[in-house]
1. Counting each pair of different Cα atoms once, what's the Kirkwood radius of segment 13-57 in Å, rounded to one decimal?
2. Would you mind checking which residues have amide H under 5 Å from K287's amide H? H placed 1.01 Å from N; only 5 or more apart, or other chain.
3. Which pairs in the list K8/K90; K172/K255; K177/K287; K91/K314; K8/K227 are over 29 Å apart, alpha-carbon to alpha-carbon?
4. Could you run the Karplus curve 6.51 cos²θ - 1.76 cosθ + 1.60 with θ = phi - 60° over segment 164-178 and give me ³J(HN,Hα) per residue in whole Hz, x for Gly and Pro?
5. Using the number of other C-beta atoms within 10 angstrom as an exposure proxy, rank L28, L241, L261, L123 with the fewest first.
Amino acid sequence: MAVPVANKKLLEELESMGFPRVRATRALHYSGNANLEAAIDWIVDHENDPDIDQMPLVTVDINIESPEPFEITEVMKIKAQELRDQVRKKKKEEEKKMEQLREREREKLEFCLLICYMIFTSLHLRFNLMLQFFLFGLSFNLSKDNARKRNIDFRNSEKEEEKRARERIRWKLEQDKLERRGKLGLSPSTKLSIPVMREKQKSMPVLSIAKSELMRECLRSLRRNHKNDDARVQRAFQTLLIYVGNVPKNPDEEKFRKIRLSNPSFLVRVGNLIGGIEFLELCGFEKTEGGQFLYLPRDKVDMSILYSAASELKSALTNPFFGLL
């Protein structure tokens, strides 16, 4: 048994992204040393394997010549051809069955989505009706002063909601502007500004809740801007989860807190998607060295923010309706 040979250039690229050497070697070996994209996909698919951080071993071929020549008869050739035909036929039948099964699953999913939408609409209408009856009964029993105070509070909440809606619309306009500049081949001239909800900051939990809401809105925006490429969005969420998860596990390792923005794999998986870099900036990463790197200083590592970001990413990965409703 021996350690497999890995492509040194690809191995260095994976290590620069923060992956351990053993894990990178294992990924390159099982992906056939094809390319960086295949190795990263293998790591994402096998992240939870118990032996992912164990160095793989391969057998060493030893050529032992037979003392007597082995003659292949015509009957053996015919038998081998029959076996190949059987395997090919069986493979086609299995592929046909799998396609039929996938089609049935798609039909079931569409039906379930329709039922869920109908149930959601019905519950929404019932809730509004019950709320109206409740407010009517409450206003009937309360005095005029209490009713006036409630109306004032309601108007204030409406104003706050309108303010937040205007900020979201302004953010959406900025996103559309950056997207149009990207389609024209122009470099973005302005940094995407994420609206900060100016609510009363009474304690630190309020700041945490506001940060989580901004992260959630950033992920929703990423999903909406690339809704026609669900696989690319899922891959971006998985890559962001790896970046965010590596820091709490290794907070003192600088390579887990530094990302090269010109890295081709990073650009394909996160950097070229509207909202990807902004999400990392919400987690505390900052552009350094003339905008060549995203860096999270050790003294600015906030575990609560990173755990919150990981929670939002896991919710986005497991919720099929995330960012679509």
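1. About 10.2 Å, per the Kirkwood formula over Cα pairs.
2. Amide H neighbours of K287: Y295.
3. Working: K8/K90 40 Å; K172/K255 33 Å; K177/K287 22 Å; K91/K314 36 Å; K8/K227 37 Å.
Checking Cα-Cα distances, K8/K90; K172/K255; K91/K314; K8/K227 exceed 29 Å.
4. 5, 5, 5, 5, 5, 5, 5, 5, 4, 4, 5, 5, 4, 5, 5
5. By the 10 Å Cβ count, ascending, the order reads L123, L261, L241, L28.
Values quoted throughout were computed directly from the atomic coordinates according to the rules given, and no laboratory measurement underlies them. All of these numbers come straight from a predicted model, not from anything done at the bench. Neighbour counts are summed over all protein chains in view; Cβ atoms, including those assigned to glycine, are modelled from backbone coordinates with ideal geometry.
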